[in-house]
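First up is the structure itself, then whatever we jot down about it.
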């Protein structure tokens, strides 16, 4: 029961920060928000639906840069509220890579829940974080 609660709490903090980041984009500049939402939709079309063309490849690269930015900006909160063996905050690494490394090395409930949501949201059910590991 404790592992379930810890996993759900970590998943809520992780995905809550992701949604909050998009909310911050909207607050700062609504056009930037719509740009990033459009890139996210195109990235989901590329991976989850298998639609591959130049615009979805561009969106995938754009979302990777946002993932690296989010990893740095949210690292103080993520490192405090989620038990990590590999820490967030490296500007050259995506948050998905950090989650994948922690999942691979610890297999804790919080990483499994985060991977579950990421795999269904971003990859249509295929694993997302383990293949995203950057060594």
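So here's what we get for this one:
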| item | result |
| --- | --- |
| Among the residues listed as 120, 58, the single one being exposed (fewer than 15 other Cβ atoms within 10 Å of the Cβ), within 17 Å of residue 18 (Cβ to Cβ) and out of contact with any strand residue (DSSP E or B) (no Cβ under 9 Å at 6 or more places or on another chain) | 120 |
| Extreme residue, farthest from residue 125 (Cα to Cα), among residues of the stretch 18-35 that are within 14 Å of the chain's Cα centre (by Cα) and at pLDDT 80 or above | 20 |
| Where a residue in the stretch 15-29 is at negative phi and crowded, with 16+ Cβ neighbours inside 10 Å and its partner, wherever it lies, is at pLDDT 80 or above and not in a helix (DSSP H, G or I), with Cβ under 6 Å and at least six apart | 17/74 |
| Residue in the stretch 32-49 that is farther than 20 Å from residue 112 by Cβ, surrounded by fewer than 14 Cβ atoms within 10 Å (Cβ to Cβ) and in contact (Cβ under 8 Å) with a residue 24 or more places away in the chain present | yes |
| Condition check for residue 84: in contact with a helix residue (DSSP H, G or I) (Cβ under 7 Å, 6 or more places away or on another chain), modelled with pLDDT under 85 and buried (at least 17 other Cβ atoms within 10 Å of the Cβ) | yes |
| Which numbered condition residue 92 misses (of (1) under 16 Å from residue 134 (Cβ atoms); (2) surrounded by 15 or more Cβ atoms within 10 Å (Cβ to Cβ)) | (2) |
| Residue within the stretch 56-69 that is modelled with pLDDT of 85 or more, out of contact with any helix residue (DSSP H, G or I) (no Cβ under 8 Å at 6 or more places or on another chain) and within 19 Å of residue 9 (Cβ to Cβ) present | no |
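The values are calculated or read from the model by the stated rules, or taken from the named source; none is laboratory data. This is a predicted model, so every value here is computed, not measured. Counting neighbours? That spans all protein chains shown, and the Cβs are built from the backbone with ideal geometry, glycine included.
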